[in-house]
Amino acid sequence: MSVLKQKILQVSTDLFQTRGINSTGVDTIVAVAGTTKMTLYKYFETKEELILAVLQQSHQDFQGWMNEKLAGLSDKPDAKIQQLFDFIEEWVTAPSFVGVAFIKASAEFPNEENRIHQLSSRQSREFRQFIHQLAQEAQIKDAEGLALQLSILFEGAVQAEQIKRGCGAIKSAKKAAKTLIDIAIKQS
């Protein structure tokens with residue numbers, strides 16, 4: 001990826017996360033990126049394509065970060081699922097946290113037929129599938145049920161923290177997640 005394309009993508013990510021997608025125009029993006037509309041449209045044919053690229057990159061970055069954190073754990077599968085919310089809390093409480101792109105995008109594009117909403121929905125399902133895989137590796141009987149419960153906790157807590165930083169939602173979600181995980185492990 002060219003340096004300029006990467007810069008446009010990063011500037012767009014920052015602006016979309018801090019100002020909102022619909023509130024950020026192409027003029028603002030090119031001004032902050034120090035480029036032109038022609039250059040932006042050379043890399044991204046439409047603003048929608050740029051938004052989709054931002055969502056893809058944000059999701060890949062988070063998933064890569066999470067995979068790296070979990071890879072640092074022992075090979076004991078139940079340790080990974082037990083530490084999941086420790087890492088989520090670390091991510092949410094970091095000064096750089098500005099929310100989850102797919103949650104914000106789905107709120108700004110609520111029409112289920114919209115490509116941005118569809119990608120956001122798919123990314124939500126992919127994260128739930130990621131949790132499901134961790135639960136299966138830990139040999140949890142109802143891995144699918146636990147994955148759904150934990151993803152609801154994750155999305156709800158993140159949304160609450162986006163609304164009011166430091167509100168304690170992530171700490172409460174972590175506590176609830178640990179309870180659910182401990183019960184699921186005992187039942188397996």
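Observations on the model:
- Residue check for Glu161: surrounded by 18 or more Cβ atoms within 10 Å (Cβ to Cβ) and in contact with a Cys (Cβ under 7 Å, 6 or more places away or on another chain): yes
- Unmet requirement for Thr13, which otherwise passes all of (1) farther than 21 Å from Arg122 by Cβ; (2) modelled with pLDDT of 95 or more: (1)
- The helices (runs of 4 or more DSSP H) found entirely in the stretch 1-86 that carry 3 or more residues being touching a residue at least 24 places away in the same chain (Cβ under 8 Å) are 3-19, 37-43, 47-71.
- Those residues of the stretch 104-114 which are more than 21 Å from Ala160 (Cα to Cα) and exposed (fewer than 14 other Cβ atoms within 10 Å of the Cβ), in sequence order: Asn111, Glu112, Glu113
- Output for the stretch 95-106, where each listed residue is part of a loop (DSSP other than H, G, I, E, B) and touching a residue at least 24 places away in the same chain (Cβ under 8 Å): Phe97, Val98, Gly99, Val100
- Check on Glu144, modelled with pLDDT under 95 and acidic (Asp, Glu): no
The values are calculated or read from the model by the stated rules, or taken from the named source; none is laboratory data. These numbers come from a predicted model, not from an experiment. Note that each Cβ is placed from the backbone with ideal geometry, even for glycine, and that neighbours are counted across all protein chains shown.
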